Amino acid sequence: MRALPATAGRGAVACAAAPVPRRSLLLSTAAAGVALNAEQLPLRLTGGAAAKIRASADAAQAVTFTSTDDALAWTNKDNRRLLHVVYRVGDLDKTIKFYTECLGMKVLRKRDIPEEKYTNAFLGYGPEDSHFAIELTYSYGVDKYDIGAGFGHFGIGVNDVAKTVELVRAKGGKVTREPGPVKGGKTVIAFVEDPDGYKFEILERPGTPEPLCQVMLRVGDLDRAISFYEKACGMELLRKRDNPEYKYTVAMMGYGPEEKNAVLELTYNYGVSEYAKGNAYAQIAIGTDDVYKTAEVVKLFGGQVVREPGPLPGISTKITAILDPDGWKSVPGSRCLSTTLTLPRSWSSL
(Lines give C-alpha, C1' and ligand atoms only; values in the text may rest on other atoms or scores of the structure.)
Protein backbone atom coordinates (compact mmCIF):
# COMPACT_ATOMS: atom_id res chain seq x y z
CA MET A 1 0.00 0.00 0.00
CA ARG A 2 1.18 3.54 -0.67
CA ALA A 3 0.75 6.59 1.52
CA LEU A 4 0.18 10.08 0.22
CA PRO A 5 2.97 12.56 1.00
CA ALA A 6 2.27 14.57 4.13
CA THR A 7 2.70 18.31 4.30
CA ALA A 8 3.69 18.22 7.96
CA GLY A 9 4.09 15.80 10.82
CA ARG A 10 0.99 14.90 12.78
CA GLY A 11 2.52 16.19 15.99
CA ALA A 12 3.26 19.64 14.56
CA VAL A 13 1.46 22.52 16.23
CA ALA A 14 2.34 25.37 13.89
CA CYS A 15 4.24 25.68 10.65
CA ALA A 16 5.73 28.20 8.32
CA ALA A 17 3.52 29.37 5.48
CA ALA A 18 2.82 26.36 3.28
CA PRO A 19 0.81 25.85 0.08
CA VAL A 20 -2.87 25.63 0.97
CA PRO A 21 -4.30 22.26 -0.07
CA ARG A 22 -7.18 22.65 -2.52
CA ARG A 23 -9.69 21.18 -0.13
CA SER A 24 -12.35 23.48 1.18
CA LEU A 25 -15.92 24.58 1.78
CA LEU A 26 -18.12 23.35 -1.04
CA LEU A 27 -21.19 25.43 -1.66
CA SER A 28 -23.97 24.02 -3.81
CA THR A 29 -27.51 24.91 -4.61
CA ALA A 30 -28.56 21.94 -2.56
CA ALA A 31 -30.10 24.43 -0.19
CA ALA A 32 -31.28 23.72 3.34
CA GLY A 33 -33.37 20.59 3.42
CA VAL A 34 -32.16 19.42 -0.01
CA ALA A 35 -29.38 17.02 -0.94
CA LEU A 36 -27.37 16.36 -4.14
CA ASN A 37 -26.94 13.07 -6.19
CA ALA A 38 -23.82 10.93 -5.84
CA GLU A 39 -24.02 9.48 -9.34
CA GLN A 40 -24.04 12.83 -11.05
CA LEU A 41 -20.65 14.40 -10.43
CA PRO A 42 -17.42 13.29 -12.11
CA LEU A 43 -14.41 13.22 -9.83
CA ARG A 44 -12.35 15.62 -11.96
CA LEU A 45 -13.50 18.31 -14.32
CA THR A 46 -11.06 18.58 -17.22
CA GLY A 47 -10.91 19.24 -20.94
CA GLY A 48 -14.24 19.83 -22.66
CA ALA A 49 -16.28 19.44 -19.49
CA ALA A 50 -14.29 22.14 -17.73
CA ALA A 51 -14.54 24.40 -20.78
CA LYS A 52 -18.32 23.98 -20.90
CA ILE A 53 -18.57 24.88 -17.23
CA ARG A 54 -16.45 28.00 -17.72
CA ALA A 55 -18.46 29.04 -20.78
CA SER A 56 -21.73 28.53 -18.94
CA ALA A 57 -20.46 30.51 -15.96
CA ASP A 58 -19.28 33.33 -18.23
CA ALA A 59 -22.70 33.43 -19.86
CA ALA A 60 -24.46 33.73 -16.52
CA GLN A 61 -25.75 37.15 -15.59
CA ALA A 62 -23.11 39.11 -13.72
CA VAL A 63 -23.77 39.54 -10.02
CA THR A 64 -23.48 43.08 -8.77
CA PHE A 65 -24.22 44.30 -5.26
CA THR A 66 -24.75 48.02 -4.88
CA SER A 67 -22.94 48.04 -1.53
CA THR A 68 -21.52 45.79 1.15
CA ASP A 69 -24.72 46.36 3.09
CA ASP A 70 -26.65 45.03 0.09
CA ALA A 71 -24.40 41.97 0.02
CA LEU A 72 -24.84 41.37 3.75
CA ALA A 73 -28.60 41.71 3.48
CA TRP A 74 -28.71 39.05 0.76
CA THR A 75 -26.42 36.71 2.70
CA ASN A 76 -28.63 36.96 5.78
CA LYS A 77 -31.69 36.02 3.72
CA ASP A 78 -30.03 33.15 1.85
CA ASN A 79 -31.35 29.67 2.69
CA ARG A 80 -28.27 27.88 4.05
CA ARG A 81 -27.51 24.71 5.96
CA LEU A 82 -24.41 22.65 6.72
CA LEU A 83 -24.85 19.57 4.51
CA HIS A 84 -21.89 17.27 5.12
CA VAL A 85 -18.18 17.13 5.92
CA VAL A 86 -15.71 15.33 3.65
CA TYR A 87 -12.51 13.56 4.62
CA ARG A 88 -10.26 10.69 3.54
CA VAL A 89 -9.71 7.34 5.21
CA GLY A 90 -7.29 4.47 4.66
CA ASP A 91 -9.62 1.52 5.31
CA LEU A 92 -13.24 2.25 4.50
CA ASP A 93 -14.75 -0.96 5.85
CA LYS A 94 -12.87 -0.66 9.14
CA THR A 95 -13.97 2.96 9.55
CA ILE A 96 -17.60 2.16 8.75
CA LYS A 97 -17.55 -0.65 11.30
CA PHE A 98 -16.25 1.72 13.98
CA TYR A 99 -18.80 4.44 13.22
CA THR A 100 -21.78 2.10 13.11
CA GLU A 101 -20.90 -0.20 16.02
CA CYS A 102 -19.28 2.33 18.38
CA LEU A 103 -20.87 5.66 17.50
CA GLY A 104 -24.30 4.45 16.40
CA MET A 105 -24.25 5.94 12.89
CA LYS A 106 -26.01 4.42 9.90
CA VAL A 107 -24.66 3.93 6.39
CA LEU A 108 -26.84 6.23 4.30
CA ARG A 109 -25.35 5.15 0.99
CA LYS A 110 -22.15 3.82 -0.52
CA ARG A 111 -20.80 3.88 -4.05
CA ASP A 112 -17.71 2.38 -5.65
CA ILE A 113 -16.23 4.21 -8.67
CA PRO A 114 -13.65 1.76 -10.10
CA GLU A 115 -12.93 3.87 -13.18
CA GLU A 116 -11.82 6.70 -10.87
CA LYS A 117 -10.29 4.31 -8.29
CA TYR A 118 -12.16 5.49 -5.23
CA THR A 119 -15.16 4.63 -3.05
CA ASN A 120 -17.51 6.95 -1.16
CA ALA A 121 -19.66 6.24 1.87
CA PHE A 122 -22.11 8.63 3.53
CA LEU A 123 -22.91 8.06 7.20
CA GLY A 124 -24.99 9.88 9.76
CA TYR A 125 -27.92 9.81 12.13
CA GLY A 126 -30.76 10.65 9.76
CA PRO A 127 -31.72 11.52 6.17
CA GLU A 128 -29.30 13.80 4.37
CA ASP A 129 -32.05 16.25 3.47
CA SER A 130 -32.49 17.13 7.14
CA HIS A 131 -29.31 16.01 8.96
CA PHE A 132 -25.61 16.79 8.82
CA ALA A 133 -23.65 13.83 7.43
CA ILE A 134 -20.14 12.48 6.97
CA GLU A 135 -18.71 11.64 3.55
CA LEU A 136 -15.81 9.19 3.75
CA THR A 137 -13.59 8.86 0.70
CA TYR A 138 -11.29 5.89 0.14
CA SER A 139 -8.79 6.11 -2.74
CA TYR A 140 -7.59 2.75 -4.00
CA GLY A 141 -4.18 1.81 -2.61
CA VAL A 142 -3.87 4.72 -0.18
CA ASP A 143 -3.89 3.45 3.38
CA LYS A 144 -2.58 6.44 5.31
CA TYR A 145 -3.08 10.21 5.42
CA ASP A 146 -1.65 13.07 7.47
CA ILE A 147 -4.36 14.75 9.52
CA GLY A 148 -2.14 17.71 10.30
CA ALA A 149 -2.41 20.09 13.24
CA GLY A 150 -5.15 22.40 11.97
CA PHE A 151 -8.03 19.96 12.09
CA GLY A 152 -9.35 19.49 15.63
CA HIS A 153 -12.22 17.06 16.04
CA PHE A 154 -15.81 16.13 15.27
CA GLY A 155 -18.49 16.32 17.96
CA ILE A 156 -21.08 13.63 18.70
CA GLY A 157 -23.98 14.22 21.10
CA VAL A 158 -25.08 11.15 23.06
CA ASN A 159 -27.42 10.26 25.90
CA ASP A 160 -24.71 8.76 28.11
CA VAL A 161 -21.02 9.56 27.57
CA ALA A 162 -19.77 6.88 29.97
CA LYS A 163 -21.70 4.10 28.20
CA THR A 164 -20.47 5.27 24.80
CA VAL A 165 -16.87 5.26 26.01
CA GLU A 166 -17.32 1.76 27.48
CA LEU A 167 -18.59 0.54 24.11
CA VAL A 168 -15.70 2.14 22.21
CA ARG A 169 -13.22 0.53 24.59
CA ALA A 170 -14.94 -2.87 24.37
CA LYS A 171 -14.72 -2.73 20.57
CA GLY A 172 -11.00 -2.02 20.74
CA GLY A 173 -11.24 1.72 20.13
CA LYS A 174 -8.88 4.31 21.56
CA VAL A 175 -10.09 6.53 24.42
CA THR A 176 -7.91 9.64 24.76
CA ARG A 177 -9.89 11.45 27.46
CA GLU A 178 -12.02 9.72 30.06
CA PRO A 179 -15.57 10.98 30.73
CA GLY A 180 -15.81 14.03 32.97
CA PRO A 181 -16.86 17.70 33.07
CA VAL A 182 -15.35 19.99 30.47
CA LYS A 183 -12.69 22.31 31.86
CA GLY A 184 -14.39 25.36 33.29
CA GLY A 185 -17.90 23.95 32.74
CA LYS A 186 -20.39 21.26 33.65
CA THR A 187 -21.01 19.42 30.36
CA VAL A 188 -19.73 15.84 30.54
CA ILE A 189 -17.42 15.00 27.65
CA ALA A 190 -14.87 12.42 26.54
CA PHE A 191 -12.56 12.02 23.54
CA VAL A 192 -12.03 8.96 21.36
CA GLU A 193 -10.16 8.31 18.11
CA ASP A 194 -11.31 6.44 15.03
CA PRO A 195 -9.04 3.97 13.16
CA ASP A 196 -7.46 6.78 11.10
CA GLY A 197 -6.73 8.97 14.11
CA TYR A 198 -9.58 11.47 13.67
CA LYS A 199 -10.67 12.70 17.10
CA PHE A 200 -14.30 12.68 18.23
CA GLU A 201 -15.52 14.68 21.20
CA ILE A 202 -18.37 12.78 22.86
CA LEU A 203 -20.77 15.22 24.52
CA GLU A 204 -23.57 14.35 26.92
CA ARG A 205 -26.56 15.84 25.13
CA PRO A 206 -29.64 13.65 25.74
CA GLY A 207 -32.36 13.74 23.11
CA THR A 208 -30.50 15.97 20.66
CA PRO A 209 -32.09 15.99 17.17
CA GLU A 210 -28.63 16.37 15.57
CA PRO A 211 -26.11 13.97 17.16
CA LEU A 212 -23.38 14.83 14.63
CA CYS A 213 -23.05 18.29 16.07
CA GLN A 214 -19.58 19.83 15.59
CA VAL A 215 -16.61 20.24 13.29
CA MET A 216 -13.69 21.91 15.08
CA LEU A 217 -10.99 23.71 13.07
CA ARG A 218 -8.08 25.79 14.37
CA VAL A 219 -7.56 29.30 13.04
CA GLY A 220 -4.76 31.85 13.31
CA ASP A 221 -6.91 34.97 13.78
CA LEU A 222 -10.24 34.32 15.48
CA ASP A 223 -11.80 37.74 14.95
CA ARG A 224 -10.94 37.58 11.24
CA ALA A 225 -12.43 34.09 10.95
CA ILE A 226 -15.63 35.07 12.80
CA SER A 227 -16.06 38.10 10.55
CA PHE A 228 -15.61 35.99 7.42
CA TYR A 229 -18.12 33.31 8.42
CA GLU A 230 -20.65 35.92 9.54
CA LYS A 231 -20.40 38.12 6.45
CA ALA A 232 -19.37 35.75 3.65
CA CYS A 233 -21.14 32.59 4.80
CA GLY A 234 -24.10 34.05 6.67
CA MET A 235 -23.38 32.18 9.89
CA GLU A 236 -24.27 33.44 13.34
CA LEU A 237 -21.82 33.71 16.21
CA LEU A 238 -23.66 31.48 18.67
CA ARG A 239 -21.21 31.91 21.52
CA LYS A 240 -17.59 32.76 22.24
CA ARG A 241 -15.52 31.71 25.23
CA ASP A 242 -12.02 32.75 26.23
CA ASN A 243 -9.96 30.40 28.40
CA PRO A 244 -6.88 32.39 29.50
CA GLU A 245 -5.88 29.68 31.95
CA TYR A 246 -5.40 27.26 29.05
CA LYS A 247 -4.46 29.95 26.52
CA TYR A 248 -7.15 29.43 23.91
CA THR A 249 -10.45 30.93 22.74
CA VAL A 250 -13.33 29.18 20.97
CA ALA A 251 -16.21 30.49 18.88
CA MET A 252 -19.27 28.50 17.81
CA MET A 253 -20.63 29.45 14.38
CA GLY A 254 -23.71 28.08 12.67
CA TYR A 255 -27.15 28.46 11.13
CA GLY A 256 -29.21 27.73 14.22
CA PRO A 257 -28.98 26.84 17.92
CA GLU A 258 -26.17 24.37 18.57
CA GLU A 259 -28.51 22.18 20.62
CA LYS A 260 -30.42 21.42 17.41
CA ASN A 261 -27.94 21.99 14.57
CA ALA A 262 -24.43 21.08 13.52
CA VAL A 263 -21.99 23.95 14.13
CA LEU A 264 -18.48 25.00 13.17
CA GLU A 265 -16.24 25.37 16.21
CA LEU A 266 -13.31 27.72 15.58
CA THR A 267 -10.40 27.51 18.01
CA TYR A 268 -7.62 30.05 18.46
CA ASN A 269 -4.55 29.04 20.49
CA TYR A 270 -2.69 32.03 21.88
CA GLY A 271 0.27 32.98 19.73
CA VAL A 272 -0.29 30.40 16.96
CA SER A 273 -1.03 32.00 13.60
CA GLU A 274 -0.62 29.09 11.15
CA TYR A 275 -1.17 25.34 11.12
CA ALA A 276 -0.17 22.41 8.94
CA LYS A 277 -3.35 21.10 7.33
CA GLY A 278 -2.12 17.72 6.13
CA ASN A 279 -3.95 15.89 3.34
CA ALA A 280 -6.73 14.02 5.16
CA TYR A 281 -9.48 16.52 5.99
CA ALA A 282 -11.12 17.95 2.85
CA GLN A 283 -14.05 20.35 3.27
CA ILE A 284 -17.55 21.19 4.43
CA ALA A 285 -20.47 21.38 1.99
CA ILE A 286 -23.02 24.15 2.50
CA GLY A 287 -26.41 24.59 0.88
CA THR A 288 -27.18 27.98 -0.69
CA ASP A 289 -29.88 29.41 -2.95
CA ASP A 290 -27.44 31.10 -5.34
CA VAL A 291 -23.80 30.10 -5.90
CA TYR A 292 -23.09 33.15 -8.10
CA LYS A 293 -24.07 35.62 -5.40
CA THR A 294 -22.33 33.49 -2.79
CA ALA A 295 -19.03 33.65 -4.69
CA GLU A 296 -19.36 37.41 -5.10
CA VAL A 297 -19.98 37.89 -1.39
CA VAL A 298 -17.00 35.68 -0.52
CA LYS A 299 -14.73 37.85 -2.67
CA LEU A 300 -16.11 41.02 -1.07
CA PHE A 301 -15.31 39.82 2.44
CA GLY A 302 -11.80 38.45 2.11
CA GLY A 303 -12.29 34.88 0.94
CA GLN A 304 -10.83 33.16 -2.10
CA VAL A 305 -12.92 31.47 -4.80
CA VAL A 306 -10.96 28.46 -6.05
CA ARG A 307 -13.70 27.11 -8.27
CA GLU A 308 -15.80 29.71 -10.06
CA PRO A 309 -19.57 29.22 -9.71
CA GLY A 310 -21.35 27.32 -12.43
CA PRO A 311 -23.30 24.18 -13.32
CA LEU A 312 -21.94 20.68 -13.29
CA PRO A 313 -21.84 18.92 -16.69
CA GLY A 314 -25.22 17.67 -17.86
CA ILE A 315 -27.21 18.53 -14.73
CA SER A 316 -28.74 21.61 -13.13
CA THR A 317 -26.71 21.47 -9.93
CA LYS A 318 -24.45 24.51 -9.53
CA ILE A 319 -21.47 24.75 -7.20
CA THR A 320 -18.57 26.94 -6.24
CA ALA A 321 -15.59 26.29 -3.95
CA ILE A 322 -14.09 28.81 -1.55
CA LEU A 323 -11.27 29.18 0.94
CA ASP A 324 -11.59 31.10 4.18
CA PRO A 325 -8.73 33.39 5.33
CA ASP A 326 -7.03 30.42 7.02
CA GLY A 327 -7.25 28.24 3.90
CA TRP A 328 -10.13 26.02 5.07
CA LYS A 329 -12.33 25.01 2.18
CA SER A 330 -16.09 25.08 1.79
CA VAL A 331 -18.21 24.16 -1.20
CA PRO A 332 -21.53 25.97 -1.53
CA GLY A 333 -23.99 24.50 -3.99
CA SER A 334 -27.46 25.13 -5.38
CA ARG A 335 -30.04 23.74 -7.73
CA CYS A 336 -33.65 24.26 -8.75
CA LEU A 337 -35.55 23.34 -5.61
CA SER A 338 -38.41 21.76 -7.55
CA THR A 339 -36.08 18.89 -8.41
CA THR A 340 -35.13 16.10 -6.01
CA LEU A 341 -31.43 16.36 -5.18
CA THR A 342 -28.80 14.04 -3.79
CA LEU A 343 -25.14 14.59 -3.00
CA PRO A 344 -22.49 14.33 -5.71
CA ARG A 345 -20.22 11.28 -5.94
CA SER A 346 -17.35 13.08 -4.35
CA TRP A 347 -16.79 16.69 -3.38
CA SER A 348 -13.21 16.15 -2.28
CA SER A 349 -11.48 16.83 -5.60
CA LEU A 350 -13.27 20.09 -6.36
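Some points to look at:
- Potential extension, GLU245-THR66 segment - 0.36 nm per residue separation minus Cα distance: 59.9 nm
- The phi torsions of region 150-155, fed into the Karplus equation with coefficients 6.51, -1.76 and 1.60 and a -60° offset, translate into couplings of x, 5, x, 6, 9, x Hz, rounded to whole numbers, with Gly and Pro shown as x.
- For the pair region 298-326 and region 185-228, the centres of their Cα atoms are 26 angstrom apart.
- The accessible-area ordering, largest first, of the residues THR176, THR288 stands as THR176, THR288, per a 1.4 angstrom probe.
- Among the protein heavy atoms of region 146-186, carbon and sulfur supply 51% of the accessible surface, probe 1.4 Å, non-protein parts ignored.
- Relative contact order computed over region 129-282 (Cα-Cα under 8 Å; 6+ residues apart), in percent: 27 percent
- Over all distinct Cα-Cα pairs of region 118-232, the Kirkwood formula returns a hydrodynamic radius of 16.1 Å.
- For the Cα trace of region 266-317, dividing Rg by the Kirkwood Rh returns an Rg/Rh value of 1.07.
- Descending Cα extents along the principal axes, region 81-145, whole Å: 33, 24, 18
- Between amide H atoms placed 1.01 Å from N, distances below 5 Å from ALA282 occur with VAL86, TYR87, ARG88, all of them 5 or more places distant or on a separate chain.
- Each part reduced to its alpha carbon centroid, region 143-165 and region 65-131 end up 16 Å apart.
- Relative contact order (percent, whole number), region 230-282, Cα cutoff 8 Å, 6+ residue spacing: 27 percent
- Förster radius 22 Å - calculated FRET efficiency between GLU259 and LYS171, Cβ distance, rounded to 0.05: 0.20
- Of TRP328, TRP74, the residue with the largest accessible area leads and the full order is TRP74, TRP328 (1.4 Å probe).
The values are calculated or read from the model by the stated rules, or taken from the named source; none is laboratory data. What you see is a predicted model, and the numbers here were worked out from it, not measured in a lab. So basically every Cβ, Gly included, is an ideal-geometry build from the backbone, and we count neighbours across all protein chains shown. Keep in mind that these areas ignore ligands, DNA and RNA; they rest on the heavy atoms of the full protein, side chains included. Shrake-Rupley method; radii C 1.70, N 1.55, O 1.52, S 1.80 Å.
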